Amino acid sequence: MPDDPGRDTAVPEGAPQDPDAHRLGRRYVTLLVAGVSVVALTCVAFLLPAPYVTMRPGPAFDTFGEIGGRQMFTFGKGVKTYPVDGALDFTTVSVTRADTHVSLGSVVEAFLTSDVAVVPRDIVYPDDESAAASKAEGQAQLTSSKDSSLVVALRAAGYRVGERASVAAVAQDGAAAGKLRPKDEITAVDGRRTPSSASVVEAVGRVEPGTTVTLDVVRDGTRRTVDVTTRPDPRDASVPRVGVSLGTVYDFPIDVENNVGDEVGGPSAGTMFALAIYDRLTPGSLTGGRTIAGTGTMSPDGTVGPIGGVRQKIAGAAAAGAKVFLVPDANCAEAAQGSDHGMTLVRVATFDEAVKELTALAKDPDARVRTCS
């Protein structure tokens, strides 16, 4: 009798019959059916949607070039600009759409593919976010990125950019409900001038919760005074709140149009936007004639913020011929874990640092700069 029950348990005709032979035969058939079932279930599993999305290298766009048939940046009449050379590319990631389900087989394939990342779906699309909602959010982030990058670039180029605090949203059950409206500009709190959103928060924070504050407001060009009784923050009763979200309206001294449109979404091109505008408004070259690529959000104060998919963006930049890649400081550890694809990965935490490092490399490609290695 064979030792391996998975083998054929039949015996030659006329030979003595093993009393367990029929039972072993039934067992073999059972195991065979079970094996087939496992194979079938595995095949089905590979076709079933998996709760993951894939992130792949996307295209790189030259901020000095065209997008959608138009120059990416155009400047108003009379604005002094300077010639540029080389390229300043912002990079992208191709992410599975919110309404697309990824099969387990595709997930496994992506795991085995270099420069492709697999992440849980709810990280990219929280609360089953729809494709339309995801695109709308990405466009809103892009709009904010355009403003922030323009503010930083203009100020770095020597222009004065004014700003005003504006109401972005009013909580339905908040203290200011029925008193303030979106787009109201708050110019003073209790007679104290508030030229920025931060100054409004600071002025309101000076009073005790339950205190009434007087807000000077401009609505549709008309000035008015609004009294709001503050309420305690639900998370910290010592902090006064008026129940609004604040934004900032900027007064730009010159016209600069960012014509990216809906080609991309999200805030991660902000750093490259700012560098491109600055390079056009100042003499000299940031590229040294080479292709420079990078990524990073840009705050109005010039801080370069972290992004997702840095390794995919590095791969995309390399495919576009970049020699230098600007990496947000917070993404350097992740970037260093993958291939640099023959590029210099330059670590940057602020806009000023990015300008400094690029200026050094433009003068000397072998200059010592802060890297992610």
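The values are calculated or read from the model by the stated rules, or taken from the named source; none is laboratory data. The structure presented is a predicted model; accordingly, all values stated were derived computationally and were not measured. Glycine gets a Cβ as well: all are built from the backbone with ideal geometry, and neighbour counts include every protein chain shown. Remember, those area values only see protein heavy atoms, side chains included, never the ligands or the DNA or RNA. Shrake-Rupley method; radii C 1.70, N 1.55, O 1.52, S 1.80 Å.
Accessible surface calculations at 1.4 Å, restricted to protein heavy atoms, place the range 143-251 at 54 Å² per residue. The alpha carbon gyration tensor of the range 120-264 gives principal lengths a ≥ b ≥ c with a/c of 1.5 or higher and a/b no greater than b/c, which makes the shape oblate.
Subtract the Cα-Cα distance of Ala133 and Glu185 from 0.36 nm times their separation in residues, and report this length gain in nm to one decimal. Don't skip to the answer; put the middle values down first.
Numbers: separation 52, 0.36 × 52 = 18.72 nm, distance 2.78 nm.
The span from Ala133 to Glu185 would gain 15.9 nm if fully extended.
Partners of Lys183 within straight-line reach, counting lysines whose Cα lies under 28 Å from its Cα and excluding those fewer than 8 residues away in the same chain: Lys135, Lys146.
Taking mean projected area of the Cα convex hull in nm² as calculated from this structure, the corresponding entry among (i) 16.9; (ii) 30.2; (iii) 23.8 is (ii).
Determine the gain in length on full extension of the stretch Arg160-Glu208; use 0.36 nm per residue of separation and subtract their C-alpha separation, reporting nm with one decimal.
Values: separation 48, 0.36 × 48 = 17.28 nm, distance 3.54 nm.
Result: 13.7 nm gained on full extension.
Computed from the Cβ-Cβ distance with R0 of 22 Å, the FRET efficiency linking Asp262 to Asp301 stands at 0.20. What separates the Cα centres of the range 295-373 and the range 234-288 is a distance of 19 Å. Note on Thr359 and Ala177: the extension gain reaches 60.5 nm, defined as 0.36 nm multiplied by sequence separation minus the Cα-Cα distance.
For the range 124-173, what class follows from the C-alpha gyration tensor (a ≥ b ≥ c being the square roots of its eigenvalues): rounded when a/c is under 1.5, otherwise prolate if a/b is larger than b/c, else oblate? Please report the intermediate quantities before stating the final value.
Details: a/c = 4.53, a/b = 1.68, b/c = 2.69.
Oblate.
Decide, for the range 45-141, between rounded, prolate and oblate: order the square roots of the alpha carbon gyration tensor eigenvalues as a ≥ b ≥ c, take rounded if a/c falls under 1.5, and otherwise choose prolate if a/b is larger than b/c, else oblate. In terms of gyration-tensor shape, prolate. Taking 19 Å as the straight-line reach from the Cα of Lys363, the lysines in range (excluding those fewer than 8 positions away in the same chain) are Lys323. Among Gly294, Gly174, Gly105, which one shows the highest mean-square fluctuation when the chain is modelled as a Gaussian network with alpha-carbon springs under 10 Å? Top of the fluctuation ranking is Gly174. Per-residue packing, averaged as other Cβ atoms within 10 Å, sorts the ranges 343-353, 322-332, 200-210, 179-189 into the order 322-332, 343-353, 179-189, 200-210, beginning with the highest.
Helix 270-281 and the longest principal axis of the C-alpha atoms of the chain enclose an angle of approximately 40°.
For the chain, what does the helix formula give at 222 nm: sum of -39500 (n - 2.57) over DSSP H segments with n ≥ 4, over the residue count, nearest 500 deg cm²/dmol? Mind showing how you got there, number by number?
On the way: 9 runs with 114 residues, N = 373.
Per the formula, -9500 deg cm²/dmol.
Label reach from Asp233 (point 7 Å along Cα→C-beta): in the range 171-212, amide nitrogens under 15 Å belong to 198-210. Averaging the sequence gap over all C-alpha pairs within less than 8 Å and six or more residues apart, then dividing by the number of residues, gives the chain a relative contact order of 19 percent. Placing R0 at 56 angstrom, the Cβ-Cβ distance between Ser103 and Arg192 gives a FRET efficiency of 0.40 after rounding to 0.05.
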